[in-house]
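Data block below; observations after.
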Amino acid sequence: MPTIKLTAEIFKSDIFDYTKNSEWKYSGKLPAVIDFYADWCGPCKMVAPIMEDLSETYKDKVLIYKVDTEAEQELSSVFRIKSIPSVLFIPMEGQPMMQPGALPAKAYKQIIDKELLAIEDEVVEGNSAKEEKKS
């Protein structure tokens, strides 16, 4: 599944209508990641293929959106985007988390696994440690 281009109208209908509500309440069906970018931004160009890969890796588990900050200035203003890329992580429950700056793919995966899908590293490490003892 490719990343999804997000406009203010789609954001208000599918994620959160900030014109009608002041308290955050996510209305999506899956956790989401929103990449705020601009076409002229060098680091954004490095993050773009990572987001495409993440959209395939987490297909049917997490929605990956992209917001062109030049075209969608209203959304950029609502989230007070001051530097790009900035990535917003939206869990099903609770508050969204903003991460400014470009990160490696592994870091985005760790945030998605831990914060959006509640997969803990320790569980994976604990299982692999048990397997090593059996060998």
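If S27 satisfies every condition in (1) in contact with a helix residue (DSSP H, G or I) (Cβ under 9 Å, 6 or more places away or on another chain); (2) surrounded by 15 or more Cβ atoms within 10 Å (Cβ to Cβ); (3) modelled with pLDDT under 95 but one, which is the exception?
(2)
Any residue in the stretch 42-62 that's polar (S, T, N, Q): show its pairings with residues that are crowded, with 17+ Cβ neighbours inside 10 Å at Cβ separation under 7 Å, as long as the two are six or more apart or on different chains.
S55/T3; S55/I64
Within the bounds of the stretch 107-115, is there any residue that is in a helix (DSSP H, G or I), out of contact with any strand residue (DSSP E or B) (no Cβ under 9 Å at 6 or more places or on another chain), under 25 Å from T7 (Cα atoms) and modelled with pLDDT of 95 or more?
yes
Of the conditions (1) touching a strand residue (DSSP E or B) at 6+ places or on another chain (Cβ under 6 Å); (2) farther than 23 Å from D113 by Cα, P85 clears all except one; give me its number.
Checking P85 against (1) touching a strand residue (DSSP E or B) at 6+ places or on another chain (Cβ under 6 Å); (2) farther than 23 Å from D113 by Cα, the one that fails is (2).
Only one of (1) touching a residue at least 12 places away in the same chain (Cβ under 8 Å); (2) closer than 17 Å to G94 by Cα; (3) surrounded by 14 or more Cβ atoms within 10 Å (Cβ to Cβ); (4) not small (G, A, S) is not met by I4, so which one is it?
Condition (2) is where I4 drops out.
Of (1) within 23 Å of A8 (Cβ to Cβ); (2) exposed (fewer than 14 other Cβ atoms within 10 Å of the Cβ); (3) modelled with pLDDT of 95 or more; (4) not β-branched (V, I, T), M51 satisfies all except one. Which?
Tallying (1) within 23 Å of A8 (Cβ to Cβ); (2) exposed (fewer than 14 other Cβ atoms within 10 Å of the Cβ); (3) modelled with pLDDT of 95 or more; (4) not β-branched (V, I, T), M51 fails exactly one: (2).
Just to be sure, is T57 under 12 Å from the mean Cα position of the chain (by Cα) and closer than 28 Å to I119 by Cα?
When the stated conditions are applied, T57 does not pass them.
The values are calculated or read from the model by the stated rules, or taken from the named source; none is laboratory data. This is a predicted model, so every value here is computed, not measured. FYI the Cβ positions are ideal-geometry reconstructions off the backbone, even for glycines, and counts take in every protein chain you see.
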